Amino acid sequence: MTNTLKNEINELVYQSGRLNVADFISLITQKFPGKVTFSTSFSFEDQVITHEILNQKLPVSIFTLDTGRLFAETYSVWNSTNEKYKAKIKAYYPQAEALQAFIEHNGPNAFYESVENRKSCCHIRKVEPLQRALAGNAIWITGLRAEHSANRHNLPMIEWDETNQIIKYHPILHWTTEAVRAYINDNQIPYNPLHDKGFVSIGCAPCTRAIKPGEDFRAGRWWWEDASKKECGLHVHETTTEQA
């Protein structure tokens, strides 16, 4: 990370502590016009941020990754969100040739057979489309929350993503689940009904289940794998968080 970039991030960290979410997003869109984007999976968290952006008419592009194996409920909340805010959330899809080759060689449910296969599937369906979606942008807004993973407890709200060469901003990183639910209810925001059925982190249908009382937030994702391997590559923790 260059000193210029480090100073820029330090300034953003300072400003983020002085402003509310909407005002800070407005600030970064002024500093990086046309280069601020937000990725949504239509989760509770992402719906909060989507509301802030679209309700305030902030100039932030919003995209989602349509893996082709999402829950029907996810598509429904996507549609409801477009209707409520009169929006057109852009989707990025897997490259057809890469996906076809993977399935022909390994089978449609190969991700259950090995961690290597699962990560390959995630790369084709999510990581590579994400790279296309982020290209040309300076700031990537995410709905990450610290409660969702032990690896995220020490994340800074603003960080440098070395893998994707982009600044990441996690506006509701330290919100509690109760605060997220209250915000959704108070603002009558469409949300995924699977959240009411024990689903916390919702991804592809074959790879997501509801969690049981007392289980870790991430227990419902790739439940057949060892907990230490439960990342799909979208938020690899190789980020540079050093600040002056």
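The values are calculated or read from the model by the stated rules, or taken from the named source; none is laboratory data. Since we're looking at a predicted model, the values are computed, not measured. Please note: Cβ atoms are built from the backbone with ideal geometry, for glycine as well, and neighbour counts cover all protein chains shown.
So the values come out like this:
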| item | result |
| --- | --- |
| Among the residues listed as V115, V77, V127, the single one being under 30 Å from T176 (Cβ atoms) and out of contact with any Leu (no Cβ under 8 Å at 6 or more places or on another chain) | V77 |
| Residue that is modelled with the highest pLDDT [pool: residues in region 40-71 that are surrounded by fewer than 21 Cβ atoms within 10 Å (Cβ to Cβ), of a type in the set (S, T, N, Q) and under 17 Å from I139 (Cβ atoms)] | S61 |
| A98 being more than 21 Å from the chain's Cα centre (by Cα), at pLDDT 95 or above and within 21 Å of S39 (Cβ to Cβ) | yes |
| Residue match in region 102-123 (condition: in contact with a strand residue (DSSP E or B) (Cβ under 8 Å, 6 or more places away or on another chain) and touching a residue at least 40 places away in the same chain (Cβ under 8 Å)) | no |
